[in-house]
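Engineer: Sharing a structure here in structure tokens format.
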Amino acid sequence: MLLHIRHETHYHYDMPVQYSIQALRLTPRLEGGLRLREWHISAPGRRRAQTDAYGNTSHMLTLEQPHDEIRILAEGWVETDDNAGPTIEDQGKLPVLAYLQDTPLTRANAELRALAATHLGNPDFEASLASLMEAIESRIEYRPGVTDVECSAADALTHRYGVCQDHAHVMIACCRAAGIPARYVSGYLYTGDAGHLASHAWIDAWNGKTWLSCDATHRRFAGPTYCRLAVGRDYLDACPVRGVRHGGGQEGMHATVSVDRDRPAQQLRQNQQ
């Protein structure tokens, strides 16, 4: 499956920013049968590429001149294996047991531990995860704008509302409470619906040999319509753009993401001519 992805992030400030540094995790991970056909990142300032502790390709963006906005665009074509399943081989960048470590966003309380005990006791690993995904989606209604990036798994389960980030954090917390290493995945999802958000989050759970990609928001395992960007212990480790600044006053941020497969092959051929 050939997908065209366009991800634009726009920061704007009501006063000039004197200095900004942003970590850009905007390059897809080459795993699970995914291949980059063409990929570009454009942004102001200086960029330095590196690979982080989780094996993500990251660019450190620095702006040292006064500015009142930052526009970051990642765009290109990725090809996924039409027969791709949810299994992801471990690249060994970090010991698997590191993904058992609690974080403030994924720490399990009594309710999360009870949820884990109810649904993760089946010897059939995939069946257990499928049961947990069903339970999470039924308990946390998808509702944008209710939670934010600081909402923990425990808070999301209490509120009973959230987005894919919250579903992922709850599932990670449950897995870790049951002794299953689990990691957060940020990326893109092709749905065929222009009105559906294309930016997405899901998780990988360790079955003892490989990772199994699970999407609690859609109650299914990942496949060829998914494009992986970054992994980490939680959202803060794997979010596409994250940074700090000096000055600037009030900040506004707007992101637009599209994933299309209607005419990407024709457009790619035109670009390569």
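Engineer: Checking GLU126 against (1) within 21 Å of ASP234 (Cβ to Cβ); (2) touching a residue at least 40 places away in the same chain (Cβ under 8 Å); (3) assigned to a helix (DSSP H, G or I), which test does it fail?
Structural biologist: (1)
Engineer: Could you list all residues from region 60-97 that are out of contact with any Asp or Glu (no Cβ under 6 Å at 6 or more places or on another chain), aliphatic (A, V, I, L, M) and closer than 20 Å to PRO240 by Cα?
Structural biologist: MET60, LEU61, LEU63, ILE70, ILE72, ALA74, VAL78, LEU94
Engineer: Being in contact with a Phe, Trp or Tyr (Cβ under 9 Å, 6 or more places away or on another chain), buried (at least 17 other Cβ atoms within 10 Å of the Cβ) and closer than 28 Å to PRO181 by Cβ narrows it down to one residue among THR27, THR87; which is it?
Structural biologist: THR27
Engineer: Return yes when PRO66 is touching a residue at least 12 places away in the same chain (Cβ under 8 Å), more than 26 Å from LEU189 (Cβ to Cβ) and not assigned by TED's automatic domain parsing to the domain that holds GLY208 and no when it is not. Before you say what the answer is, go through the steps one by one.
Structural biologist: Numbers: touching a residue at least 12 places away in the same chain (Cβ under 8 Å): yes; more than 26 Å from LEU189 (Cβ to Cβ): yes; not assigned by TED's automatic domain parsing to the domain that holds GLY208: yes.
So PRO66 passes the test.
For every residue, the table says whether it meets (1) buried (at least 18 other Cβ atoms within 10 Å of the Cβ); (2) touching a Phe, Trp or Tyr at 6+ places or on another chain (Cβ under 6 Å); (3) within 20 Å of LEU129 (Cα to Cα).
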{"site": "ALA153", "(1), (2), (3)": "yes, no, yes"}
{"site": "CYS164", "(1), (2), (3)": "yes, no, yes"}
{"site": "CYS174", "(1), (2), (3)": "yes, no, yes"}
{"site": "ARG183", "(1), (2), (3)": "yes, yes, yes"}
{"site": "LYS209", "(1), (2), (3)": "no, no, yes"}
{"site": "ASP237", "(1), (2), (3)": "yes, no, no"}
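Engineer: Can you find even one residue in region 168-181 that is assigned to a loop (DSSP other than H, G, I, E, B), at pLDDT 90 or above and out of contact with any strand residue (DSSP E or B) (no Cβ under 8 Å at 6 or more places or on another chain)? I'd like the intermediate steps shown before the answer.
Structural biologist: As a first pass, look at region 168-181 and keep what is assigned to a loop (DSSP other than H, G, I, E, B): 178-181.
With at pLDDT 90 or above added as a condition, the list becomes 178-181.
Narrowing further to those that are out of contact with any strand residue (DSSP E or B) (no Cβ under 8 Å at 6 or more places or on another chain): 178-179.
Scanning region 168-181, I find at least one residue that is assigned to a loop (DSSP other than H, G, I, E, B), at pLDDT 90 or above and out of contact with any strand residue (DSSP E or B) (no Cβ under 8 Å at 6 or more places or on another chain), so the answer is yes.
Engineer: Does any residue of region 130-151 turn out to be assigned to a strand (DSSP E or B) and assigned by TED's automatic domain parsing to the domain that holds CYS174? Quick ask: steps written out before the conclusion?
Structural biologist: Let us first name the residues in region 130-151 that are assigned to a strand (DSSP E or B), namely 141-142.
Still in the list and also assigned by TED's automatic domain parsing to the domain that holds CYS174: 141-142.
The answer is yes; a qualifying residue exists.
A quick yes/no check of all residues on (1) under 17 Å from ARG219 (Cβ atoms); (2) surrounded by fewer than 20 Cβ atoms within 10 Å (Cβ to Cβ):
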{"position": "LEU105", "(1), (2)": "no, no"}
{"position": "GLU111", "(1), (2)": "no, yes"}
{"position": "ARG143", "(1), (2)": "yes, yes"}
{"position": "ASP148", "(1), (2)": "no, yes"}
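The values are calculated or read from the model by the stated rules, or taken from the named source; none is laboratory data. The structure presented is a predicted model; accordingly, all values stated were derived computationally and were not measured. We place every Cβ from the backbone using ideal geometry, glycine too, and count neighbours over all the protein chains shown.
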